[in-house]
Amino acid sequence: MTPQEVKKLYDDEYAQAYDATYRTHPLSIQTTANEAIILKTLLKEGGPWLDAGCGTGYFLARFPNIDRVGLDISPAMLALAREANPSAVLIEGNFLDDRQEWHNHFRVVSCMWYAYSLVESLRDVEKALNNFAAWTAPEGRLFIPVCDPRAFVGNFPARLPWWGTDEVRVTGVTWEYEQSNGKKHTNLISPTFEVLEKILHERFEEVRAVRYPEDALSILASKKK
Ligand SMILES: C[S@@+](CC[C@H](N)C(=O)[O-])C[C@H]1O[C@@H](n2cnc3c(N)ncnc32)[C@H](O)[C@@H]1O
């Protein structure tokens, strides 16, 4: 999706319905609870914490005593985040744009519910992850719930043995999502876990999968290079 498409989709009406439709919906409430527990563990030593693509600030609001920053491109989502988080710093901006002043700054960086997929290309996902890595403090950790393409289409190999000794790699899927009210996420980019892992391994010594019930999969990176 382009930044303009994201802003248009995440308008006031969408923002007002967002938490009930997604974060606290019966189908996802358990995943939301599990992710809050993981964040709590990561935040044990305090902030600063950056939640990139923070949306309504749902997770930020669970930790009101932490020094925390929310970044989002949608003014409507941010308006709700501001209401729910009077003590947080909420910034309207694009996580594809680097911010020098954030380099090596945050003890925890998170990007929840697939916000990184709402971009235009795999290179953009790489750019977002590189920014998140740059913004993580040397002793900090980066936590990203993975939009796992295999959860949609079933298992598929990461490599295909075509063309003799050449190697073909399957790097992810693109997909779209249309709601009954006509609201549409288009051209979402979901790289495989292996691709995300490879990108993050350029920046971190340790990159591991975190699995929790409801088939959810996250990636946790630490020990910055
Ligand atoms: C699916 S929502 C997730 C919201 C929140 N992280 C959560 O867990 O509920 C995606 C959010 O990412 C934001 N977003 C999408 N692209 C962005 C970008 N390039 N920069 C900053 N925020 C972005 C959207 O505005 C939206 O609030």
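Quick look at the values:
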read-out: Gained length - A158 relative to E139, 0.36 nm times residue gap less alpha-carbon distance; value: 3.7 nm
read-out: Label-to-label distance, nm, for residues given as N65 and N94 (7 Å Cα→Cβ offset); value: 3.9 nm
read-out: Area accessible to solvent at D97, 1.4 Å probe radius, in Å²; value: 90 Å²
read-out: N187 paired with K223, simple spin-label distance in nm, labels 7 Å along Cα-to-beta-carbon; value: 3.9 nm
read-out: Among the listed pairs K7/K184; K40/K127; K127/K198; K7/K224; K8/K198; K7/K198, those beyond 22 Å (Cα-Cα); value: K40/K127; K7/K224; K8/K198; K7/K198
read-out: DSSP-loop trypsin sites (Lys or Arg not before Pro) across segment 1-57, with at most 11 other Cβ within 10 angstrom; value: K44
read-out: Long-range amide H partners of Y10 with built H, under 5 Å; value: none
read-out: For L90, residues with placed amide H under 5 Å, excluding near neighbours; value: G70
read-out: ³J(HN,Hα), Karplus 6.51/-1.76/1.60, whole Hz, each residue of segment 142-157, x for Gly, Pro; value: 10, 10, 9, x, 8, 7, 7, x, 5, 5, 8, 10, x, 6, 8, x
read-out: If the convex hull is drawn through the Cα atoms of segment 57-158, its volume per residue in Å³; value: 127 Å³
read-out: Label-point gap, in nm, between Y212 and V170 - each point 7 angstrom along Cα→Cβ; value: 2.8 nm
read-out: Principal axis dimensions, largest first and in whole angstrom, of the chain by Cα; value: 60, 44, 34
read-out: Within segment 49-174, percent of DSSP bridges classed antiparallel, to nearest 5; value: 10 percent
read-out: Cα gyration tensor shape of segment 75-132, rounded if a/c is under 1.5, else prolate or oblate by comparing a/b with b/c; value: oblate
read-out: Rounded FRET efficiency, nearest 0.05, which uses the C-beta distance separating D11 from E202 and R0 of 30 Å; value: 0.25
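The values are calculated or read from the model by the stated rules, or taken from the named source; none is laboratory data. Bear in mind the structure is a predicted one, so any value in this text is a computation, not a measurement. Methodologically, a virtual Cβ is constructed for each residue, glycine included, from the backbone with ideal geometry; neighbour enumeration extends over all protein chains shown. Each accessible area value is taken on the protein alone, full model and side chains, heavy atoms only, with ligands, DNA and RNA left out. Shrake-Rupley method; radii C 1.70, N 1.55, O 1.52, S 1.80 Å.
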